[in-house]
1. Which condition does PHE353 not pass, out of (1) loosely packed, with under 11 Cβ neighbours inside 10 Å; (2) farther than 30 Å from TYR136 by Cβ; (3) of a type in the set (A, V, I, L, M, F, W, C), if it passes all the others?
2. If you take the residues of segment 57-87 that are assigned to a strand (DSSP E or B) and aliphatic (A, V, I, L, M), which of them is modelled with the highest pLDDT?
3. Kindly indicate whether VAL222 is closer than 15 Å to LEU314 by Cβ and touching a helix residue (DSSP H, G or I) at 6+ places or on another chain (Cβ under 7 Å).
4. In this structure, is ALA287 of a type outside the set (Asp, Glu) and surrounded by 18 or more Cβ atoms within 10 Å (Cβ to Cβ)?
5. Select from segment 260-317 the residues that are in contact (Cβ under 8 Å) with a residue 24 or more places away in the chain and in a strand (DSSP E or B) and list them in ascending order.
6. From the set of residues in segment 240-265 that are open to solvent by 60 Å² or more (accessible area, probe 1.4 Å) and polar (S, T, N, Q), which is farthest from the chain's Cα centre (by Cα)?
7. Out of (1) over 19 Å from THR185 (Cα atoms); (2) at pLDDT 65 or above, what's the single condition that is false for GLN91?
8. What number of residues in segment 1-56 are at pLDDT below 65 and assigned to a helix (DSSP H, G or I)?
Amino acid sequence: MRMLSSLALFSLLVCGGTGCLARQVAADGRNFRQSLLDMYTDQVMDNLIRAAENKPFVHLTYRNLTVTDTQIVKANFGTELDPTTAKSVVQQTAALISTMHTFTTKVFFGGSSERDRQMQFQADPETGKADTYDYYVAFAHDPGLFGVSATEPCGRVHIKKRCGQKWYFVPHEAGGVFLELAMKTTFMRGTEAPPTIYWNTNVAKVDPQYSVKGDPVPGRHVIYFTAPIPSDFGFGTLSLDDGRTLKIELRPFDNGPYRPSTELTQEEKDKKQPQPSGVERGKMTDALYAIDNPDLPIVHGSAAADKGIAADRLQGRPIQVFAESYPYLIVPKSPDAQRLQDALDNYRKVLKFQGR
């Protein structure tokens, strides 16, 4: 019974020592993520410090990060039987009075635990992306974004670090700009995408454009959209279902389109049909005039396979429309992003003034 109790106690200790695997994995994940964040944060601060001191610096890109966590629990258990014999004799006659045999069982157990945690990663210097380093230098040389002090700053700061005999810090009000810098240099590298200036809509249908007598005008069409766009000169770009891209010239409805001859009365055929009123420039409309692309014309009718793209193939296709005088409104940047961009623009102006 004693042996079974000891074994149960030892098993409980071993199981309790290993802990819950799920909780351990979650804790390891948190520690790993925090270590990675600290690595990137320290890198941003170190690069800013060196940029402020006009010293060379390098931005590293970490990859192939792995953590190996090995835990080994060893246990041993055994018993030992110790038999003893006791005899009682009369000393004068050496007569045996009694004999007693005793068996003693000894239970012993032991255990050990080993844990080995390794973190491995590769780091590559960021090259060929000048904007990454320009952001650092512009931020570091803007006194409103990055400060240097001989003593530890005692006011509210977003982040601070001591290097040598100086303290370097980001003011509290520049915390959002520091975040923009970290994101742009670490996770959002490269030049920014051009601002959205295109009106995104779909093609509802494409009809021929008719002359005053109601005859189709070669190479001219009326294109209708599912969402309104400005009445303006420009062009439209859409992707065909076979992977090709169609680019067509667009013109405003200064005057409305004429009707086909099939819809005209005899009196209208004998005379010029009245010109419908158009749409004022800049006003929203659901249709524009379209002029054929010579390399890929829009064709109405059965000859489309031989001469160009069938008009009905354009129905429902997404199209980006560029209006020359009325581009799509650009979404303004956040104040922090704009402040970082202003610092970058000012830095580049200085470089241009210095002839660099």
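The values are calculated or read from the model by the stated rules, or taken from the named source; none is laboratory data. This structure is a prediction, so every number in the text was calculated from the model and none was measured. Ideal geometry is used to build each Cβ from the backbone, glycine not excepted, and the neighbour counts take in all protein chains shown. The area values use the complete protein model at the heavy-atom level, side chains included, leaving out ligands, DNA and RNA. Shrake-Rupley method; radii C 1.70, N 1.55, O 1.52, S 1.80 Å.
1. Of (1) loosely packed, with under 11 Cβ neighbours inside 10 Å; (2) farther than 30 Å from TYR136 by Cβ; (3) of a type in the set (A, V, I, L, M, F, W, C), only one is false for PHE353: (2).
2. First pass over segment 57-87, keeping only residues assigned to a strand (DSSP E or B): 60-87.
Filter once more, keeping what is aliphatic (A, V, I, L, M): 60, 65, 67, 72-73, 75, 81, 86.
On the way: LEU60: 85, LEU65: 71, VAL67: 69, ILE72: 69, VAL73: 63, ALA75: 64, LEU81: 63, ALA86: 63.
So, considering only residues that are assigned to a strand (DSSP E or B) and aliphatic (A, V, I, L, M), the one modelled with the highest pLDDT is LEU60.
3. On the way: closer than 15 Å to LEU314 by Cβ: yes; touching a helix residue (DSSP H, G or I) at 6+ places or on another chain (Cβ under 7 Å): no.
Criteria not met by VAL222.
4. Details: of a type outside the set (Asp, Glu): yes; surrounded by 18 or more Cβ atoms within 10 Å (Cβ to Cβ): yes.
Yes.
5. MET284, THR285, ASP286, ALA287, LEU288, TYR289, ALA290, ILE291, ASN293, LEU296, ILE298, ILE309
6. Only one residue tops the list, namely THR265.
7. All conditions pass for GLN91, except number (2).
8. Result for segment 1-56: 17.
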